[in-house]
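A quick write-up on the structure given underneath.
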Amino acid sequence: MNHETFDYQRVQVSGGIELNVATTGGGTPVVLLHGFPQTHLMWRHVAADLAADHTVIMPDLRGYGDSDKPQDTGLTYAKRTMAQDVVDVTKALGHDRFALVGHDRGALVGFRAALDHATTVTHFASLDVLPTLDMWDVMRGTSAAVGFHLFLMAQPPGLPEQLIGASPDAFFGHFLDAWGAAPFPPEIKDEYLRASREAVPSIVADYRASATIDVEHDTQDKNAGNQLQMPVTVLQQDWGAALGFDAKRLWSAWAADLDHQTVPYGHFMAEEAPHEIARTIRDLTKR
């Protein structure tokens, strides 16, 4: 499903993989990375706002939406690999530097891109996620049951794909229904379900990487004392109250120039409060 106001093209990245990329607007570039279980369409309202003064670039992440879904070899869905995709796409579109905003899984890709490409990513915003190491650390006790999918998809290849593939609409639909403050328009929910249904192995591989290779890469950066060098904005629901952690403190360890905000929106905040999110992004790009 394409959005009628976006321009679309397929952009090749390393390994001959092609990503489906939507663009709109004109001006300084802002890259928006979607989360789970969604596609670039989650940004449709935010992009319409930002397009007045920014070139907005919205790829479907590798393994999601209408982008290619290569078979996993262990590094295929590492966030380092997916971050390189973002840099490659943006460079192919004529931009050597850009602001980067990610939601959920896209924020983990953005986090890695901002660490690995500090002179390329000028600003970084994360919507409603913790860095991978911190995410695993706070998932403790019965309250961690809310993140059951993280543990399911961390298992070795075979069982997670079989279980999810047996009833994909029930699995992905659970998150679309449970995490939002308001229902999605039927045609949008149907598109998210279609895209996810067709991407079970690659979505599982993306999550499995966050329990394996991504942990290794993030641990290396943490041990080296590496931090995000650009201005960073983080918007999060108050899950710290439910899971017993201080989100601002955790993010502060990674980002010196941090604006951390606890917001009243649901998880799918880009669709629930698009103008507020667009304003936050504009404020970030002015820092």
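The values are calculated or read from the model by the stated rules, or taken from the named source; none is laboratory data. These numbers come from a predicted model, not from an experiment. We place every Cβ from the backbone using ideal geometry, glycine too, and count neighbours over all the protein chains shown. Please note that ligands, DNA and RNA were not included when accessible areas were found on the heavy atoms of the full protein model with its side chains. Shrake-Rupley method; radii C 1.70, N 1.55, O 1.52, S 1.80 Å.
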In the stretch 147-162, what count of residues is obtained for those that are open to solvent by less than 20 Å² (accessible area, probe 1.4 Å) and not in a helix (DSSP H, G or I)?
1
Only one of (1) part of a strand (DSSP E or B); (2) out of contact with any Ser or Thr (no Cβ under 8 Å at 6 or more places or on another chain) does not apply to Gln9, and that is (2)
Condition met for Val86 (touching a residue at least 24 places away in the same chain (Cβ under 8 Å), of a type in the set (Val, Ile, Thr) and not in a strand (DSSP E or B)):
yes
Among the residues of the stretch 268-278, what is the count of those that are in contact with a helix residue (DSSP H, G or I) (Cβ under 9 Å, 6 or more places away or on another chain), surrounded by 14 or more Cβ atoms within 10 Å (Cβ to Cβ) and in contact (Cβ under 8 Å) with a residue 40 or more places away in the chain?
7
Of the criteria (1) of a type in the set (A, V, I, L, M, F, W, C); (2) closer than 30 Å to Val215 by Cα; (3) outside any helix (DSSP H, G or I), which one Leu41 fails:
(3)
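Name the residues in the stretch 1-22 that are β-branched (Val, Ile, Thr) and open to solvent by 80 Å² or more (accessible area, probe 1.4 Å), would you?
Thr5 - this is the single residue of the stretch 1-22 that is β-branched (Val, Ile, Thr) and open to solvent by 80 Å² or more (accessible area, probe 1.4 Å).
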Just a yes or no: is a residue in the stretch 53-61 closer than 20 Å to His217 by Cα, modelled with pLDDT of 95 or more and open to solvent by less than 30 Å² (accessible area, probe 1.4 Å)?
yes
Residue that is farthest from Arg282 (Cα to Cα) [pool: residues in the stretch 108-146 that are open to solvent by 30 Å² or more (accessible area, probe 1.4 Å) and β-branched (Val, Ile, Thr)]
Thr142
For the stretch 66-73, state whether one or more residues are in contact with a helix residue (DSSP H, G or I) (Cβ under 7 Å, 6 or more places away or on another chain), over 24 Å from Ile281 (Cα atoms) and at pLDDT below 95.
no
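Can you name every residue in the stretch 240-267 that is buried (at least 19 other Cβ atoms within 10 Å of the Cβ) and assigned to a helix (DSSP H, G or I)?
Applying the first criterion (buried (at least 19 other Cβ atoms within 10 Å of the Cβ)) to the stretch 240-267 yields 247, 250-251, 254-255, 265, 267.
If the condition is that a residue be buried (at least 19 other Cβ atoms within 10 Å of the Cβ) and assigned to a helix (DSSP H, G or I), then Ala247, Leu250, Trp251 are the ones that fit.
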